[in-house]
Structures are given as C-alpha cells and as structure tokens.
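Enquirer: Got a structure here, written out as structure tokens. Questions coming.
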Amino acid sequence: MCGTFGFVSFNGKGPSIKRLEKIAAVTQRRGPHAFGFAWVDSRGRIKSFKQTGKITDHLGILSLAHDAQFLIGHCRWATHGAPENNLNNHPHTVDGGWFVHNGVISDHRQIVKDHDLHPVTDCDSETLGLLIESGAGNLRTRCIEAVQYASGSPLVFLGVWSRPGRLIALRSGNPLSIGICAGRFYLASLQEGLPGNVVQIANNEGIDFSG
C-alpha cells in the first residue's frame, strides 16, 4: 500500500531531476491514486505540492524541487479517505514540517480516541503526525515513539523540516532502501531506479539526516 521516496544532499547540489523522475515512476507502482512531495530548498524554505492522479502524468512538476536539499515524496494507494479530497493525500503536516507514510494504521480511530486527537482529514496516516505533535521529548524521539505506537502493521515514515533542514526516515517492516551517488542520497520503497550501491535501511532504526 502506497510508496515513498526521498532525497538528501550532502554537497549542496539539488537532485538529478531525471533520476527523481525515474524513482517516482517506479514508486507509482505502489500507488496510482494521488501523489505529493515536500522539500527544503537551497535557501532553507520548506515547500510542498500534492494532487490527485498519477505522478507519471505530471513528472515535470518535480522540477519545482530542482534545488532541494531534503525531499520526501509519496505515491498513494487510497485506503482511508477519498483521493479526490486533496486533504487526504500526502504529505501531511507535522510540527512545522511535512511527512509521508507508507502502510495502513488499522486502529487509527482508536488511537484518535485514546489520545484525544483532532484530525481534519479522513486519512489514517494523519494520526502519525498528531501523535508526534502531542508527544514529549525531541523531534526524533517523538517520531520513533509515534511509529512504534502505530506499527501494528508494517509502515515507513519520512518527515522533513527546515531551520535547520533535516529529514527523518523510519521503517517498521515495510522496505525502505537508499542509494548514494555523488554526495547525494536517494531513498525509495522500491529499489529499482536508485543509483549506486543500494542498501536497505535497518528495521526499527530511525535515521536523522541533518543539515
């Protein structure tokens, strides 16, 4: 269910848009109903875009993130919340940033009730962001605890924030791989399209890519 992808620069250069398009096209195999991405640009500004439909019909829109230093992306297979309502699509807001989620939180209604959360969408993924915002501790700790709490089913979480720029990546069961090329890291749910030597991120270990 759904697919995620991401990018981190360690040399100040933005992503290869051709590479990003290839990764996004592969990721669409896990979600044709909607797509979206969020990024921190070279000036430290955080931006986002999302819409209904297949990302392969709109690959050119990825050039908006030509100077991204951190980027997260999502191709959605809608399970909770109609994709025609763009609020239900990813990325979702979280504590001044944006996140994407791959997986199904089957007990999200009970989590909302137990923690007195107040969602504004019909998407189960929003629950993760609300748990992070209501948690205690630093941002990385809150992300890990939220994922652990909601990981009754396999999932992947990618979040991005600015000032300072950072990307936090977590997986619990579902695959998330990383490929390194010329001082730039590319992440994806599916390995096809990733450059260089590709390795899978360790299960249940959060990686905090900070600028």
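Enquirer: What is the one condition in (1) over 25 Å from S134 (Cβ atoms); (2) charged (D, E, K, R); (3) in contact (Cβ under 8 Å) with a residue 12 or more places away in the chain that D57 does not satisfy?
Expert: (3)
Enquirer: Give all pairs with beta carbons closer than 9 Å in which a residue from the stretch 90-117 that is farther than 16 Å from S172 by Cα and in contact (Cβ under 8 Å) with a residue 60 or more places away in the chain meets a residue that is part of a loop (DSSP other than H, G, I, E, B) and open to solvent by 80 Å² or more (accessible area, probe 1.4 Å); count only pairs at least 6 apart in sequence or on separate chains.
Expert: Note: pairs meeting the criteria are G96/R163.
Enquirer: On to the next question. Only residues in the stretch 197-211 that are of a type in the set (D, E) count as the first member; pair them with residues that are part of a strand (DSSP E or B), Cβ under 9 angstrom, at least 6 apart or cross-chain, and list the lot.
Expert: Between residues of the stretch 197-211 that are of a type in the set (D, E) and residues that are part of a strand (DSSP E or B), the close pairs are E205/L170; E205/R171; D208/R166; D208/L167; D208/I168; D208/A169.
Enquirer: Considering every residue within the stretch 149-157, establish whether at least one is over 24 Å from F7 (Cβ atoms), in contact with a strand residue (DSSP E or B) (Cβ under 6 Å, 6 or more places away or on another chain) and open to solvent by 10 Å² or more (accessible area, probe 1.4 Å).
Expert: Yes.
Enquirer: Okay, moving on. Hey, could you check the stretch 122-140 for residues that are hydroxyl-bearing (S, T, Y) and under 17 Å from the mean Cα position of the chain (by Cα) and say which is farthest from R30 (Cα to Cα)?
Expert: Looking at residues that are hydroxyl-bearing (S, T, Y) and under 17 Å from the mean Cα position of the chain (by Cα), I get T127.
Enquirer: Please determine whether any residue of the stretch 24-41 is more than 12 Å from the chain's Cα centre (by Cα) and among the basic types (K, R).
Expert: Checked the stretch 24-41: at least one residue is more than 12 Å from the chain's Cα centre (by Cα) and among the basic types (K, R).
Enquirer: Check V100, V26 and return the single one that is β-branched (V, I, T) and under 18 Å from L130 (Cβ atoms).
Expert: None of the others qualify; the one that does is V100.
Enquirer: Condition (residue is surrounded by fewer than 20 Cβ atoms within 10 Å (Cβ to Cβ), in contact with a Pro (Cβ under 7 Å, 6 or more places away or on another chain) and of a type outside the set (S, T, Y)) applied to the stretch 95-113: is it met by at least one residue?
Expert: For the stretch 95-113, residues surrounded by fewer than 20 Cβ atoms within 10 Å (Cβ to Cβ), in contact with a Pro (Cβ under 7 Å, 6 or more places away or on another chain) and of a type outside the set (S, T, Y): present.
Enquirer: Any residue at all in the stretch 1-14 that is of a type in the set (A, V, I, L, M), touching a strand residue (DSSP E or B) at 6+ places or on another chain (Cβ under 7 Å), assigned to a loop (DSSP other than H, G, I, E, B) and modelled with pLDDT under 95?
Expert: yes
Enquirer: So which residues in the stretch 52-66 are over 14 Å from C2 (Cα atoms), open to solvent by 10 Å² or more (accessible area, probe 1.4 Å) and in contact with a Pro (Cβ under 9 Å, 6 or more places away or on another chain)?
Expert: Selection gives T56, H66.
Enquirer: Which of the residues that make up the stretch 120-148 are among the polar types (S, T, N, Q), in contact with a Gly (Cβ under 7 Å, 6 or more places away or on another chain) and open to solvent by 30 Å² or more (accessible area, probe 1.4 Å)?
Expert: Hits for the stretch 120-148: nothing passes.
Enquirer: Now for a separate question. Yes or no: the stretch 172-183 includes at least one residue that is open to solvent by 60 Å² or more (accessible area, probe 1.4 Å), assigned to a loop (DSSP other than H, G, I, E, B), without any contact (Cβ under 8 Å) to a residue 60 or more places away in the chain and not hydroxyl-bearing (S, T, Y).
Expert: No, the stretch 172-183 contains no residue that is open to solvent by 60 Å² or more (accessible area, probe 1.4 Å), assigned to a loop (DSSP other than H, G, I, E, B), without any contact (Cβ under 8 Å) to a residue 60 or more places away in the chain and not hydroxyl-bearing (S, T, Y).
The values are calculated or read from the model by the stated rules, or taken from the named source; none is laboratory data. All values derive from a computational prediction rather than experimental measurement. Counting neighbours? That spans all protein chains shown, and the Cβs are built from the backbone with ideal geometry, glycine included. Heavy atoms of the whole protein, side chains included, go into the accessibility calculation; ligands, DNA and RNA do not. Shrake-Rupley method; radii C 1.70, N 1.55, O 1.52, S 1.80 Å.
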